[in-house]
Structure formats: C-alpha cells, structure tokens
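To start, the structure itself, in structure tokens.
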Amino acid sequence: MNIMFYVLLLFILIAAVIAVETKNLLSSVICIGAIGFGVSIMFLFLRAPDIAITQIVVEVLGLIILIRATISRDLTFISGDKEFFGTVVSVVIIFMIFLVGIRVFDTIPEFGQPTFAQAHNPASETYIEDGLEKTGAANIIASIILDFRAYDTLGEATVLFTSIIGATVILRRKSRKALGELE
Amino acid sequence: MKGMTVIVKTISSWVKVLIILFGIYIILFGHLTPGGGFAGGVILASSYVMLMLAFGREFVQKDLPLSLDSKLDCLGAVAFAMIAVLGYVFGKSFFDNFLSQFGRHLRLISSGTIPLSNIAIGLKVGASLFLVIFILSTFRRDSSDDKQE
Amino acid sequence: MIGLLPAFVVIPLIAAFILPLFGKKGKDAATILANAVILLLLVLAVVAVYSGKQGIYEIGDWSIPLGINLVLDGLSALMLLAIATVATAAMLFSARYMEQYTAKAKYLSLFLLMVAGMNGVVLSGDIFNLFVFLEIASLASYALVGFGCGHEELEASFKYMVLGSVGSIFILFSVGLVYGHTGTLNMAYISQTIQNNGGLNAGLTFALALFIVGFGLKAALVPFHAWLPDAHPSAPAPISAMLSGILIKTLGVYALSRVVFNIFGVSQATGWLIIVLGLISMIIGAFLAIGQEDLKRLMAYSSISQIGYVVLGIGLGAALIQKGEDKLASLAILGGLFHLVNHAVYKSLLFLNSGSIEMATGTRRLEQMGGLAAKLPYTRATCAVASASIVGIPPFSGFWSKLILIIAAILAGYYWIAAIIVFVSLCTLIMYLKVHRYVFLGQLPEKLQNARENKGTMLFAMAFLACLCILMGLLVIIPGLKEAVLDPAVKVLTGGFEYSRFVIGPGG
C-alpha cells in the first residue's frame, strides 16, 4: 500500500511537470486530467471516498471543458522563450523552499499517524465518536461539513457563487453604455 | 454547433436519465453514504453538459433557459442561507441543527437540516456549474465572430 | 449585540444572493436595496463600537473547538466600523457612477459579497474560516477590477488574480501546516497549544513565514506589490476606493496582525521583519508615485506608501512589546491603527475624487487636464481636504496619526525611523501638489470646456468622507472617544496571548 502510494505520487509529479513543460496545449490539458485522476485515486487510498467522488466528478467536467476549448482552437502550440534570469530566480527559490521543507517535514507527525493526537482537546475525536449521536448523520463527513462546520460550507458555496457571478460579469458582451445613454 | 451523430444523440438521451437519477441519489443520500450536495450537483450539471455536447446549445437552451438557470443558482444559495437563518429563528443559534432529533438514525429522513442543506447545495452547484460552462461556450462564438468581421 | 454578530455576514450575503434576480428593469430597486443593506451594516457597526460589548458567538450551538466561533473584540469592532464607513460612501457613489456600465445588479451583488467577505474575515475566530472569507472577498475583487471588460482592465484583473491566488495558496498551505502541528483550527486553541509547547518549532515558524508572505501579498507590501498599481487604477472608481481604502487593510494588515500578535506571539525577528517591510513600502511607494502621469496610478502607488505607515506602526509595536516597553508599544500600535482608519477614509475620498474627475473629463492622464478648479468646485474642495489630510497638515486627521507614530519612534530611540516618516511625508506633499497643479490649476484645455460637476449621491458621498477627514482628529483629542474607539483595539494587539484566554474563558 505504501509502495503504491509513492508510485502514484511519482505519477502525479511527472504529469505535473509535463503539463507545465509541454508546448502542445492539448497534451498539457490531458496531463492536467491525469493529475486529477491520480489525486482522486490517492484520496481512495487515504480512505476518503467523499473527497474522491467530488474530485472525480469535478475532474471529468473540467476536462470536458478544457478539451472542448483546446480542440476547437487553431493555436494549440505555445511559443516564446524563457527568460534566463527568471528561471534562475525560480530555481533558487524552489531550492530554498526545498531545504526548508526538509526541516519542516521532520517536525510533522509520521505519515499514517493521526496528526491531532498531540492536541490538548482534539475536536476530531469528538467528531468520530459522537458525530452520529449529536447530529444524526451516519456519514461523518456530512455531519462535519453541514453541521459542525456548516458556516464554512456556506462560505464555500458563496465562493462558488462569487466566481460564477464574476465569470458572467467578465464575459458579458457589452460593458459600457454609450455616452448619450446617461441622462 | 448542430450536435453530433444519431448514435451519440440516441445513447445520450438514454444515459441522461441514469445520470440525473444518480445525481439525485448522491444528493439525497449524502448524509448516509459518501457524496453530498457538491458531488451530486456536479453530476447533475454534467448530464446537461453531455446533452449540450450531443445535441447542440439551442436544444439545451429550450430545455433549460439561461435565465431560469441563473434563477436556480440564486435560489439554491438563498435556500442554504435560509436554512441557517431558520436555525436562528427556531433553534438556539445561527446554523443550529434544530431538527437533528427528527426521524431515526441511518434512515433517509434523519439528521435534521443536513439533507435539506444537501438539496440546496446540489441545486446551487448544479445550476451554477452548468451556467458557467454555457457562458464560456457562448463567449467563444462571439469572440470568433469578432475576428471574422 | 453579541447575538446579532452573524448578521454582519448573513445580511449582505442574502442580499447578494437575491440581487442578480433583479434584471434590467429592477435596477433602481436593486440600488436601493443594496444601499439599505450597507446603511444597516453601518448602523450595526456603530452600535457594536458604541456599546463596547465584547464576546464570542458559537455558530450552530457547538462549543468551540467543535464548531466555529465569531469573535467581537476591540480590533474587530474598529475594523467593522471602518469597512462599513468606506462601503457606505462607495455604495452611495456607485448609485450614479455605475450608470456608465451595464449589469449594475451584478455589480451590486459582487460589492455586497466583497463586504460580506471582509466582515467575515474580521469576525472569524477560526483560521480556516478566515481563509474562506478571505477568498470570497478576493474573488469578488478580482471580478470587480475587470468590471469594465476593456483590454487594460482584464489584463490588470488577470495579473491581480494570479498573484492573489499565489497569496491564497500560501495562506492555505500554512493553515494546513498549523492544523498538522496543533490539531485544531480554532485560533484561540492554536494559540493555547503554542503557549503550552513553549514557543514555535521549525514547522510553525515556516507556517508563520508563509502567513507573512501570503498576507503581505494581499496587503501589497513592497516586494509583493506588483499587482496593485495595475489593479487599483483599472477598477471603477468606487471599487478603487474600496480596494485601496479597506480591502488591502482587512485582508492584509488586520489578518497579519491577528496572526502575529494573537496566535503566534510576537518576537524580535518578526517585529523587525514587519518594520523593514513597512519602511521599504513607504519609501519605494512614495518614489514611484511621484513619477506617475496617470492620476489613479499615482494614488495607487501612494496607497502602497501609506500602507507602509500602518505596517510600520504595528511592527514597531511588536518589537517594543518584546523589549518590554508596553507603554511605547501601545503608542506605536495606536499610531498604526489610527493611520489605518484615517487612510481608509482619505484614500477612498481621493479615489472617489478621481472617479468624479474621470467622469467629467473622460481621461485619467494628468497632462490632459488642467484648470478644472472652476468647473469642479466641490470635487476640488473635497480633494484639497483629502490631500491635506494624507500629507499630514494639522488639524486634518492624517497629521495626528503621523504625529503619534513619530513620537513613538522618537521615544523608543529610533530617530532614523522618525526621520524617514517625515521624509516620506514630504514626498507625499510633492505628489499631491502635483495632482492639484495638473488637475485643478493652470490652463483649461479646449475639449474640457463643458466638463460638469457631478451632482446628487456622488457629491454627498464625497462630502461625507471630507467631513470625516476633518473630524477624525477628534478621535485622539477628545479623551472619551479615544478610550471608546481606539484603545480597545490597541489593547487586543498589545495583550497578545490574552486573546486565547478571552475566547476560551478562564476554565479552558
């Protein structure tokens, strides 16, 4: 199981690098799809079917839109040179974050260990033990996102609402009225 | 966009029903099994996206006009916020699950406001995702028209 | 009052959900509804500050850390008041100004979503919840920056979106790290866990660094400021006023100081890091502003410079708390927070002025204007008040906050910081003299002969803010007002870990 996990991780990383580096837009989009499906399998391994379902349906929908968008475009090849200075700076920054990351990963609990074990008064244990009694929902995820932390879900729904209104506003046909229309 | 071949049209008109049913199932049983409003809403939206790809935009427009779609979007959001306010009115505080002891555990009718919230979110997510895909596809046509002029 | 806390978020949210249903015909009704909602929020905020009540509200009747709580303390109340004030003026201004654009109902909806997001950030007592509402406010502002749909606007909006998303990802990653280390998302419990462990380990230090970068990006402090000079000028004028006036402060400065002071605890290093960020922002923002030829771009760079003052005051406070000089620290923080409120008022007034000028002349280029003093008398008068205030001429509000900052710096022995504050004030004087010289004085160009002053709500909004600019000095002069409005906010920051004891209660 652990080996599978690392294989998946490697697969996702390779797909991500190809998605950034390839010059063909269509193969880049397909690589993004591969990342998404890899992530959803990863969620299944981590025993999070709720997130896996959401991830997979969003991925399918997103992939359909992106492929539709790239196929009907003539221009599927990206051109342009990279700046040498920019590349050097980003490599240096990534290397520094990598060095810091190694130190940071030493401090977080080992993979598979519950991270909340060290907390003083962990909320997560109450969710698991008393979730059904307190909320009546058999699915603990539902009891967390729609009861214990429902306010967050209202926020998330609003994030979606905001982005949809934003998209309709940005993509509207006529944005300014002619000068004469103002009284 | 006039849609695809007869084979695709026939099959998608059959599959459409199954996808919509599956979406409704995922939404309604969100408090018992994995899934919920968000996942189910995306599935509902994807059934209409499939229809749009198979039959063309005009066909879907007749079935689910854009104005109705954006109204459903707002309605779902308002419904979810209203569930929160109802908790304030009938229960102890905002977002209080004032119905939580209603019904029996592990049955469809249980856990109070959670299934209601799932339905509201499902409506909202389904309508809004379809809306944004529809707008993105119509926008592309307009911009290509501009180029030809 | 505490029982009404969710209303600050839910009323604008529900109004924003309903507003898109008003089509073209219901435009006037939509405008009235949105204005009424914002006015109601202003009344609620005034009540929140006036009553002086503090407390927590547990959402869904779940005791923390099971559920999410809203926290009203002095700092939150001050920010709520600032948000509501600027939003009232900007909303009144929009009622007429936004007639130039289509889709007004959706504009109003996005505006209310932005306000709801900011109120949510200010009230939240949960670090993930803070992130969610920060995203709402940010997403609404990305869309509003591109509202004009022109080439320039869309480019600015895209740039803002990319950099803003980078900031959000930093914050989200940091929230994840904090949860991994402490096992709770509640800010008070995180703080308690950190105190019990006796300080930060490597992971939490990294999380703090990520928070500083993320909130620094939202606040447009200098190494992270690249998006602001494009985004703020491109937005419609009332939105520029909201963005420069309050959004960068709520999402950047407020969140940063909450995280640094109340959750992680101050240290000498973070204090000086924040001071240096503030000083660089002040100097570079001022230098870049002087050279600008675009009216709104000049004001945008001046915002970077002014946000530097706020951050400087707060950083100075952090460094002084660590040295044990609590009196001086509260003076520095008072200066910073007072400057935050002042800047919110006069910078939004300046952006509303720029909108009025742009609507009358159709241009933002300084060299194409001139001699507008006779044509736009009211705009000129309010602009003069705001400029005097931002430069720091007594008795206008900006003078007092800068004076407090200078006194704090001198008493603490940092003479060079006081010198830099005075120097940047001189640079500010130069840039606003330039604005007046090019816009209002000189020869009236031929094609601006029929420029007209804008009447009605636009004028009222500008006059409202101008009065505030003049009167805000009273906040520190009249003793009772200072104790009621500013001191509770200062105490929240100087109190540091008191926050967790206040939220959890003595039993926890």
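The values are calculated or read from the model by the stated rules, or taken from the named source; none is laboratory data. All of these numbers come straight from a predicted model, not from anything done at the bench. Because the Cβ atoms are built from the backbone with ideal geometry, glycine has one as well, and the counts that use them run over all protein chains shown. All accessible areas refer to the heavy atoms of the entire protein, side chains included, with ligands and DNA or RNA removed. Shrake-Rupley method; radii C 1.70, N 1.55, O 1.52, S 1.80 Å.
Once both axes come from the Cα atoms, what is the angle between helix C:457-471 and the longest principal axis of chain C, in degrees from 0 to 90, rounded to 10?
60
Only Cα pairs under 8 Å and at least 6 apart count here; give the relative contact order of region A:123-172 as a rounded whole percent. Kindly include the intermediate steps, with their values, before the conclusion.
Numbers: 20 pairs, mean separation 9.1, N = 50.
Once normalised by length, the contact order is 18 percent.
What is the interface area between chains C and A, defined as buried accessible area summed over both chains with a 1.4 Å probe, reported in Å² to the nearest 100?
On the way: alone 18050 and 15200 Å², together 28850 Å².
Counting protein atoms only, the buried area is about 4400 Å².
Counting protein heavy atoms only and a 1.4 angstrom probe, how many square angstrom of accessible surface do chains A and B bury in total, to the nearest 100?
Values: alone 15200 and 9540 Å², together 21210 Å².
Chains A and B together bury approximately 3500 Å².
Which whole number gives the average, over all residues in B:109-121, of C-beta atoms from other chains lying within 10 Å of the residue C-beta? Walk me through the numbers before you get to the answer.
Working: counts 0, 5, 11, 5, 5, 10, 3, 1, 8, 4, 0, 1, 7.
Taking all residues of B:109-121 together, the mean is 5.
Computed over the Cα atoms, what is the radius of gyration of region B:6-148 divided by 2.2 N^0.38 Å, N being its residue count? Please list the in-between numbers first.
On the way: Rg = 18.2 Å, N = 143, 2.2 N^0.38 = 14.5 Å.
So the Cα radius of gyration is 1.25 times the expected 2.2 N^0.38 Å.
Please compute the per residue accessible area over the protein assembly as shown with all protein chains in place, 1.4 Å probe, rounded to a whole number of Å².
Working: 33910 Å² over 840 residues.
Computed with neighbouring chains in place, this is 40 Å² per residue.
Within 10 Å of each candidate Cβ there may be at most 14 other Cβ atoms; applying that plus a DSSP loop requirement, which trypsin sites (Lys or Arg not before Pro) in region B:42-115 survive?
Working: sites: B:57, B:62, B:71, B:92, B:104, B:107; in loops: B:92, B:104, B:107.
Taking region B:42-115 and a limit of 14 other Cβ atoms within 10 Å, the loop trypsin sites (Lys or Arg not before Pro) found are B:92, B:104, B:107.
Quick one: pull the percent of accessible area on region C:47-139 belonging to carbon and sulfur, 1.4 Å probe, ligands and nucleic acids left out.
Details: 930 of 1650 Å².
The computed percentage sits at 57.
Across the residues of B:68-81, average count of Cβ atoms on other protein chains within 10 Å?
Working: counts 0, 0, 6, 2, 0, 8, 10, 3, 4, 12, 6, 1, 9, 11.
If you average over the peptide's residues, the count of other-chain Cβ atoms is 5.
Against the longest alpha carbon principal axis of chain B, how many degrees, from 0 to 90 and to the nearest 10, is the axis of helix B:113-148 turned?
Roughly 20 degrees between the two axes.
For region C:289-397, give the percent of accessible area contributed by carbon and sulfur heavy atoms, probe 1.4 Å, rounded to a whole number. Please report the intermediate quantities before stating the final value.
Values: 1390 of 2610 Å².
Roughly 53 percent of what the probe reaches on region C:289-397 is carbon or sulfur.
Nearest 100 Å² is fine: how much accessible area is buried between B and C, summed over both sides, with a 1.4 Å probe?
Numbers: alone 9540 and 18050 Å², together 26470 Å².
Interface between B and C: roughly 1100 Å².
Along the Cα→Cβ direction, 7 angstrom out, place labels at residue C:410 and residue C:460. What is the inter-label distance in nm?
Reported label-point gap for residue C:410 and residue C:460 is 4.4 nm.
Let me check something: with ligands and nucleic acids excluded, how do C:365, C:297 order by accessible area (1.4 Å probe), largest to smallest?
Details: C:365 90, C:297 70 Å².
So, going from the largest accessible area down, we get C:365, C:297.
Highest mean first, how do C:174-180, C:387-393 rank when packing is the count of other Cβ atoms within 10 Å averaged over residues?
C:387-393, C:174-180
Using R₀ = 45 Å, calculate the FRET efficiency as 1/(1 + (r/R₀)^6) where r is the Cβ-Cβ separation of residue C:384 and residue C:165; round to 0.05. Please report the intermediate quantities before stating the final value.
Details: r = 39 Å, r/R0 = 0.87.
Efficiency computed from Cβ-Cβ geometry: 0.70.
222 nm [θ] for the protein assembly as shown, helices only, -39500 (n - 2.57) per DSSP H run of 4+, per residue, to 500? Don't jump to the answer; show the numbers that get you there.
On the way: 32 runs with 587 residues, N = 840.
So the helix-based figure for the protein assembly as shown works out to -23500 deg cm²/dmol.
Taking chain C as the reference, fit the longest principal axis to its C-alpha atoms, fit the long axis of helix C:104-123 to the helix C-alpha atoms, and give the angle between the two in degrees, 0 to 90, nearest 10.
30
How large a share of the accessible area of region A:1-78, in percent, is made up of carbon and sulfur atoms when the probe is 1.4 Å and the other protein chains stay in place? Kindly include the intermediate steps, with their values, before the conclusion.
On the way: 3760 of 4790 Å².
Within region A:1-78, the accessible surface is 78 percent carbon and sulfur.
Take the Cβ-Cβ distance between residue A:46 and residue C:326 as r, set R0 to 56 Å, and report the resulting FRET efficiency rounded to the nearest 0.05. Walk me through the intermediate numbers first.
Values: r = 47 Å, r/R0 = 0.85.
The calculated FRET efficiency here is 0.75.
Which one of B:120, B:28, B:103 is farthest out on the positive end of the charge dipole of region B:6-148, using unit charges on Cβ (Lys, Arg +1; Asp, Glu -1) and the Cα centre as origin?
B:103
Is there a simple number for the mean count of other chain Cβ atoms within 10 Å of the Cβ of residues in C:136-148, and what is it? Mind showing how you got there, number by number?
Numbers: counts 7, 1, 2, 8, 7, 2, 4, 9, 2, 1, 4, 6, 2.
Partner-chain Cβ atoms within 10 Å, mean over residues of C:136-148: 4.
Defining a contact as two alpha carbons under 8 Å apart and six or more residues distant in sequence, what relative contact order in percent does chain C show? Intermediate results must be reported in sequence, preceding the final value.
Values: 889 pairs, mean separation 86.6, N = 508.
Computed over chain C, the figure is 17 percent.
Normalised by the number of residues in region B:6-148, what is the relative contact order in percent for Cα pairs under 8 Å and 6+ residues apart? Working shown, then result.
On the way: 186 pairs, mean separation 42.0, N = 143.
Relative contact order for region B:6-148 comes out at 29 percent.
Within the P(r) computed for the protein assembly as shown, what percentage of the Cα pairs occupies the region above 39 Å?
Pairs farther apart than 39 Å: 40 percent.
Quick one: work out Rg over Rh on the C-alpha atoms of chain C, Rh as Kirkwood radius. Walk me through the numbers on the way to the answer.
Values: Rg = 21.5 Å, Rh = 22.6 Å.
Computed over Cα atoms, the ratio is 0.95.
Using unit Cβ charges (K, R positive; D, E negative) and no other charged atoms, how large, in debye to the nearest 20, is the dipole of the protein assembly as shown about its Cα centre?
Details: 55 positive and 48 negative charges, 350 e Å.
Roughly 1680 debye, rounded to the nearest 20.
Please give the charge dipole size of chain C, origin at the Cα centre, charges +1 on K and R Cβ atoms and -1 on D and E Cβ atoms. Round to the nearest 20 debye. Display every interim value, and only then the final one.
Working: 29 positive and 22 negative charges, 189 e Å.
It comes to approximately 900 debye.
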